[in-house]
Amino acid sequence: MTDKDLDIEFQNAVNRVNAHTEPFPADTLLKLYAYYKKATNDYGRPKSKKPIINAFKTNALFQAKNISEDEAKRMYIELVNNYFLYRE
């Protein structure tokens, strides 16, 4: 898979998540958050108004700290595909 193919597949997965109207399980959301932040090289601080949410997000990012941008994209895509495989 080329970098361009990976980017397209990643964007398709992001679009799928954004179009989904039902709530995701909290553990899935945190993984999606961390992989997305790593994949897009966005290291801004979590912006929730609730400190506990920011703590969970920060922990999720910490757990994903040793993966590359491309690996984060692959993991995000895999998580989305597996999530929707059992729901559609």
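The values are calculated or read from the model by the stated rules, or taken from the named source; none is laboratory data. Note that this is a predicted model, so its numbers are computed, not measured. Cβ sites come from the backbone with ideal geometry, for glycine too, and all protein chains shown count toward neighbours. Side chains included, ligands, DNA and RNA excluded: accessible areas come from the protein's heavy atoms. Shrake-Rupley method; radii C 1.70, N 1.55, O 1.52, S 1.80 Å.
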Cα centroid of the stretch 59-78 to Cα centroid of the stretch 5-28, whole Å: 14
Nearest-10 value in Å² for the accessible area of M75, using the 1.4 Å probe: 60
Which residue, E22, E69, E78, has the most motion in a Gaussian network model of the chain that connects Cα atoms within less than 10 Å? E22
Which whole-Hz ³J(HN,Hα) couplings does the stretch 11-23 yield from phi under the Karplus relation 6.51 cos²θ - 1.76 cosθ + 1.60, θ = phi - 60°, glycine and proline marked x? 5, 4, 5, 4, 4, 4, 5, 5, 7, 6, 9, 7, x
Under a crude label model (7 Å from the Cα following the beta-carbon direction), how far is E78 from L6 in nanometres? 1.3
Before I look further, what does the chain give for accessible area per residue, probe 1.4 Å, in whole square angstrom? 71
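Leaving out ligands, DNA and RNA, what percent of the accessible area of the stretch 23-69 is carbon and sulfur, probe 1.4 Å?
On the way: 2000 of 3350 Å².
Ligands and nucleic acids excluded, carbon and sulfur reach 60 percent.
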Which whole-number percent is the relative contact order of the chain (Cα, under 8 Å, 6+ apart)? 43
Where the Cα atoms of the chain are projected onto their three principal axes, how long is each span, largest first, in whole Å? 38, 29, 17
